[in-house]
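First comes the structure, then the notes that go with it.
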Amino acid sequence: MKLLFPYFFVLLCLYVFRLTAQENPPPAPITPGMYLDKQDELKKEFGKNKIIPKEIELQALVALSHFPQLKNTHIEFIYVCNKSTMSARPSAGFVFRKKTQRKYFVFINNVKKEHNGVLFRYSSFNAQVGCIGHELAHIADYIRKNSFQILTVGARYQLSVKFRSRYEKETDIRTIEHELGWQLYDFVDYVFNKSDASGKYLAYKKKVYFSPDEISSEIMKFNQAK
């Protein structure tokens, strides 16, 4: 009987997890049609000090609406050839500026190479909002830190895969806390299960970032704690 107990316990946990998932189904995906008539309003409220390519303006504004603390922050979205789909960092010289005067860049990969991240433009609108939300969660963390703290994060990020993984997963959790969890899930599910990402890139993603199932689990934890 003792040998059977762990088996029945696992089955019970799976049953409870499925019930919880059924009670908290993902919301309908965000689509452009939901916000087209609000784009000017969103731009007026959340577009201050932002430079955004026209073709991703709506996605960025929707994501920015979930980060009101970034309303006045200078952020520029730029297309580059990058190893990851997106990345966020402060501009050069940020150490000499006050927190309120810093500028941040969100770099978007637009060149497909063998080991680069998947191209942003191939994911759905909903997934794009989630991807941008993750980068804004990074910036939301940067604006709270002084220059030395940001430099420390940057150095540890480059030197330690363990730290990098913890930091990226903490950023995913912040994205979920800003109510963009299912959008993030949609993007990660696309990368892991539907994209043409190389095996090497997917291995890196699995090592450093949450999987779709882990994001779903974190969303449920967040919803239950509300």
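The values are calculated or read from the model by the stated rules, or taken from the named source; none is laboratory data. Here the structure is a predicted model, which is why all the values come from computation and not from measurement. Positions of Cβ are backbone-derived with ideal geometry, glycine not excepted, and every protein chain shown enters the neighbour counts.
In summary, Tyr190 fulfils each of the numbered conditions (1) surrounded by fewer than 20 Cβ atoms within 10 Å (Cβ to Cβ); (2) in contact (Cβ under 8 Å) with a residue 60 or more places away in the chain; (3) in a helix (DSSP H, G or I) with the single exception of condition (1). Of everything in the stretch 85-141 that is among the polar types (S, T, N, Q), in contact with a Lys or Arg (Cβ under 8 Å, 6 or more places away or on another chain) and surrounded by fewer than 21 Cβ atoms within 10 Å (Cβ to Cβ), the residue that is nearest to Pro32 (Cα to Cα) is Asn110. Of all residues in the stretch 67-86, those satisfying the criterion of being modelled with pLDDT under 95 and more than 15 Å from Ile51 (Cβ to Cβ) are Cys81, Asn82, Lys83, Ser84, Thr85, Met86. Residues in the stretch 142-187 that are under 18 Å from Met86 (Cα atoms) and in a loop (DSSP other than H, G, I, E, B): Leu180 only. Looking at the structure I just gave you, is Ile78 crowded, with 21+ Cβ neighbours inside 10 Å and outside any helix (DSSP H, G or I)? No: the conditions fail for Ile78.
Given the condition over 20 Å from Asn110 (Cα atoms), basic (Lys, Arg), surrounded by fewer than 16 Cβ atoms within 10 Å (Cβ to Cβ) and touching a residue at least 24 places away in the same chain (Cβ under 8 Å), answer yes or no: does some residue in the stretch 201-213 qualify? Yes, some residue in the stretch 201-213 is over 20 Å from Asn110 (Cα atoms), basic (Lys, Arg), surrounded by fewer than 16 Cβ atoms within 10 Å (Cβ to Cβ) and touching a residue at least 24 places away in the same chain (Cβ under 8 Å).
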